[in-house]
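Here the structure comes first, spelled out in structure tokens, and everything after it is commentary.
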Amino acid sequence: QVVREREKLPDRRKGYTQKAAVGGHKVYLRTGEYVDGRLGEIFIDMHKEGAAFRSLMNNFAIAISLGLQYGVPLEEYVDAFTFTRFEPAGPVQGNDAIKNATSILDYVFRELAVSYLGRHDLAHVSPDDIGHDVLGKGENEGKAPEASSVVSKGLLRSKTDKLMVVRGGATALRAEPEIISEVAGDPISALGWTEPTRSIDGVAERRAEARMKGYVGEACPECANFTLVRNGTCLKCETCGSTTGCS
């Protein structure tokens with residue numbers, strides 16, 4: 001008896017391809033997603049492996065995909081196949097979160113757990129790089145990525161110029177939906193975000209702008225604005241025009 005009907009994926013769907021090497025063996029993991037971002041299928045391909053092993057992995061991926069489409073939770077597969085042990089195994093190269101795997105299946109389901117379930121406990125590198133000695137990215141910290149770097153250009157048929165990447169994080173402010181719709185034109189939910197944030201200038205960009213204008217970083221005693229610039233031996237405020245610090 002069929003408990004649930006198969007939920008098929010749309011003919012044109014989004015996903016990603018992750019290339020990595022596990023114990024020196026190249027592995028290509030491809031995913032397909034539903035419109036709401038849920039995982040619906042996977043493909044596993046290995047480079048220069050025997051025909052039997054490659055066919056086994058391909059058919060295993062099909063079986064997992066069918067299970068996902070019939071309602072088997074991804075969490076069940078993650079619990080079942082992580083920490084399995086067989087060759088090839090060892091160090092993982094090419095993946096920014098997974099650095100070691102005890103088998104190909106261990107690697108695949110660690111990657112899926114991190115990407116789709118937020119199971120960062122199965123990763124070896126925190127996505128936030130938490131630590132007291134973490135270094136920033138310098139001036140690149142304030143630059144927003146291009147839309148083409150976070151969404152498939154082919155999926156949108158080269159219409160990435162109509163999308164806006166919303167920059168934010170811990171320092172960003174929550175934006176009103178009408179503000180986002182006015183700026184972006186199209187719903188941001190098309191990129192998979194449900195809580196858009198206000199796009200603000202990065203700290204690095206504001207500091208660079210202040211240096212270009214010659215601000216010395218001191219507050220004006222008259223108006224309290226940090227817009228003092230050197231004017232000979234004095235400091236002049238570009239906001240109120242008062243001078244101070246003359247010698």
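Going by average Cβ density within 10 Å per residue, which order do the peptides 108-116, 20-28 take, highest to lowest?
108-116, 20-28
For the range 91-105, in order, what is each residue's ³J(HN,Hα) by Karplus, 6.51 cos²θ - 1.76 cosθ + 1.60 with θ = phi - 60°, in whole Hz (x at glycine and Pro)?
Each residue's phi maps through the Karplus curve to give x, 10, 10, x, 10, 7, 10, 9, 10, 7, 8, 8, 5, 4, 5 Hz.
Please give the contour-minus-distance gain from Thr233 to Glu75: 0.36 nm per residue of separation, less the Cα-Cα distance, rounded to one decimal in nm.
Result for the pair: 50.1 nm of gain on full extension.
Could you order peptides 41-48, 71-78 by the average number of other Cβ atoms within 10 Å of their residues, highest first?
41-48, 71-78
Calculate, in nm to one decimal, what Arg12 and Ala52 gain on full extension: separation in residues at 0.36 nm each, minus their alpha carbon distance.
My answer for the length gained is 11.4 nm.
Taking 0.36 nm per intervening residue step and subtracting the Cα-Cα distance, what contour gain separates His124 from Cys246 on full extension?
Contour length minus the Cα-Cα distance gives 38.2 nm.
Give me the compactness ratio for the range 17-122, meaning the Cα radius of gyration over 2.2 N^0.38 Å.
0.99
What's the ranking of 94-100, 11-17, 84-90 by average number of surrounding C-beta atoms within 10 Å, highest first?
Per-residue Cβ counts within 10 Å, averaged per peptide and sorted highest first, yield 94-100, 84-90, 11-17.
Values quoted throughout were computed directly from the atomic coordinates according to the rules given, and no laboratory measurement underlies them. For clarity, every value in this text was computed on a predicted model and none was experimentally measured. Here the Cβ is made from the backbone with ideal geometry for all residues, glycine too, and neighbour counts use every protein chain on show.
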